1. Name the residues in segment 347-380 that are small (Gly, Ala, Ser) and away from ligand 1 (no atom under 16 Å from the Cβ), would you?
2. Looking at segment 469-493 only, could you name the residues that are under 22 Å from the mean Cα position of the chain (by Cα), part of a helix (DSSP H, G or I) and not aliphatic (A, V, I, L, M)?
3. Could you list, in sequence order, all residues of segment 410-429 that are among the small types (Gly, Ala, Ser), crowded, with 18+ Cβ neighbours inside 10 Å and either over 17 Å from Ser305 (Cβ atoms) or within 11 Å of ligand 1 (Cβ to nearest atom) (or both)?
4. If you take just the helices (runs of 4 or more DSSP H) that sit entirely in segment 215-287, which of them hold at least 3 residues that are touching a residue at least 40 places away in the same chain (Cβ under 8 Å) and aliphatic (A, V, I, L, M)?
5. For segment 463-505, what are the residues that are aliphatic (A, V, I, L, M) and surrounded by fewer than 18 Cβ atoms within 10 Å (Cβ to Cβ)?
6. Please verify whether Leu344 is without any contact (Cβ under 8 Å) to a residue 12 or more places away in the chain and surrounded by 14 or more Cβ atoms within 10 Å (Cβ to Cβ), treating the condition exactly as stated.
7. Write out, first by first residue and then by second, each pair whose Cβ atoms fall under 7 Å of each other, whose residues are 6+ apart or on separate chains, and whose first residue, in segment 103-115, is under 21 Å from Cys269 (Cβ atoms) while the second is outside any helix (DSSP H, G or I) and among the aliphatic types (A, V, I, L, M).
8. For the structure I just gave you, tell me whether Arg383 is free of Cβ contacts under 8 Å to residues at least 60 places away in the same chain, away from ligand 1 (no atom under 13 Å from the Cβ) and surrounded by 17 or more Cβ atoms within 10 Å (Cβ to Cβ).
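Rule-based calculations on the coordinates, nothing more; no lab input. Computed from a prediction, not measured in an experiment: that's the story for all the values here. With ideal geometry, Cβ positions are generated from the backbone for all residues, glycine too; neighbour counts draw on all protein chains shown.
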Amino acid sequence: MMEEFTKFDDAEKRTTDSLIEEIESLEDFFGPSEEDLESLEDEIVSLENEVESLEPIESELGKILYIPKSCLDAGQIIKILRRMLRDMNPKYIDIAERTAYCSVKLFDYLKLHGKLEVKIDRNKLILLSVLFSIGCYKDMSSLVMEEDSASKVPNMFLYSYLYLKNLTPLKDVAEALLLYNYNYGDALSLNSPYIEYASLIFTCMRICIQIRKTKYVFDENSLDNDFIAKCKKAYNPMYVDQFIEANQGNAITSKLESNRYYFLLDDYCDSLTFNYDETFMLLKMMIYTIDFVSTSTVTHILSTSFHSTEICQIEHLSDEETDEVFTAAVLHDIGKMAIDVKILEGAGKLTDEEMNQMRSHVERGEKIFRGITTDKIADIASRHHETLNGTGYPKGLAADDLTFQDRILTIADILSALTDPRTYKPSFPKEKTLSIMQSMVDEKKLDPKIFEDVKNSYDQIVAHTETRRPMLTTNLGQVIIGFISLQECKSVPALFRAIRQGNRF
Ligand SMILES: [Fe+2]
Ligand SMILES: [Fe+2]
């Protein structure tokens with residue numbers, strides 16, 4: 001039913017430099033061939049098996065191994081994730097951050113004045129509004145089976161929905177994203193308990209796009225009646241009126257013009273409260289966002305994190321020190337998200353220029369996490385390519401500057417790089433791995449004592465990493481399966497029916 005999408009017509013979308021226009025332009029594609037679809041089906045079956053086989057191992061973990069803890073809380077994780085996405089492409093996270101800031105301001109105003117008629121959880125509102133555009137970062141070309149039509153939820157929002165539902169504590173609330181651009185009156189008939197999240201967030205998103213035209217003024221004198229009417233039809237009509245009231249003197253929108261909203265949103269992130277399991281879920285989600293760019297980098301981060309944890313145990317570091325190294329290991333290569341994937345996964349030898357770009361991942365990463373984590377964790381994470389003889393990068397630090405924890409992460413990183421398969425090399429066997437590392441010790445690059453201990457416990461380290469790996473595994477397989485199944489739905493009601501019946505998406 002094409003009438004379902006009446007508020008913001010195609011002509012307007014084309015003339016607006018907006019997120020929506022960008023999203024739609026990304027949806028021009030050719031679907032995969034028959035063979036691709038068959039191999040995709042095989043992949044789904046193996047992913048499903050993988051998901052099932054993981055659960056028993058996970059429950060055994062606590063009995064046999066030290067379980068590293070993340071030294072990051074939910075607010076720190078979301079702030080790091082925001083910066084990672086901004087480093088990759090600021091466009092989509094920028095509109096989400098502006099929307100999130102306005103959504104929280106509006107929510108607080110409604111709450112303060114007793115005008116909030118429905119239950120909206122502030123925590124979940126912050127998380128959902130900051131992350132609603134995350135699906136825009138996914139390259140859909142290998143997943144999409146047929147061209148989109150105007151009566152469907154855009155694939156980017158469908159992916160955001162599945163990603164947030166399966167990988168974050170937004171299991172239920174995420175479905176609000178499916179009501180994007182769907183008339184409020186029609187949406188009510190779908191009986192989604194989360195319609196008000198959608199209405200509040202998307203009203204604010206529309207305002208954020210609109211006020212670029214009015215130079216960040218949004219008051220009674222500058223109102224575009226046509227815009228207001230469209231907002232009131234698309235979403236709960238009270239939100240746009242209340243926003244105008246809350247924005248008196250442009251109190252909210254002036255912060256968008258001055259970019260102060262960015263730091264105020266940091267404060268909102270700091271106020272996030274999730275329990276330990278939910279926070280760990282967010283940590284995993286942050287790591288798996290790198291999968292949008294490079295699966296092998298995610299695999300590498302997981303091995304490095306657990307190799308370093310095991311080496312810390314062998315070296316008798318305290319639990320606190322071990323957790324610091326684990327957290328640094330999780331963060332050490334996040335600067336790679338902005339590196340050209342051809343360089344990241346290229347099979348050939350890199351040119352000098354490409355090598356420089358590759359090496360820039362350390363400083364890019366440090367810019368992302370420095371100031372959010374403790375300085376100690378930021379130091380460990382940003383020194384993983386430094387060597388004892390001063391020939392490393394980016395700073396060319398030498399032995400005196402490098403702590404025991406720094407040295408452990410460097411060795412764990414190299415061990416992971418050698419033992420994991422990459423596009424440009426196979427997984428190296430034990431003898432070859434140790435002989436390469438030995439030559440680095442001989443060149444006075446790596447710490448000889450830690451290397452000696454790694455050599456003596458090599459099998460234990462590798463085995464323990466494999467046992468721990470499921471700890472950081474996510475439901476990414478379900479996201480892909482869900483996306484392939486649901487993106488064939490021709491309308492929003494059909495999508496809701498499929499979700500309610502299928503239960504698993
Ligand atoms: Fe690195
Ligand atoms: Fe690395």
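1. Scanning segment 347-380 gives Ala347, Gly348, Gly371.
2. Arg469, Pro470, Gly477, Gln478, Gly482, Phe483
3. Ser416 - this is the single residue of segment 410-429 that is among the small types (Gly, Ala, Ser), crowded, with 18+ Cβ neighbours inside 10 Å and either over 17 Å from Ser305 (Cβ atoms) or within 11 Å of ligand 1 (Cβ to nearest atom) (or both).
4. In segment 215-287, no matching helices (runs of 4 or more DSSP H) lie anywhere.
5. Passing the criteria: Ala463, Ile484, Ala494, Ala498.
6. Taking the combined requirement at face value, the residue does not satisfy it.
7. Taking only residues 6 or more apart or on different chains, the pairs are Lys105/Ile252; Phe107/Ile120; Leu110/Leu116.
8. Taking the combined requirement at face value, the residue does not satisfy it.
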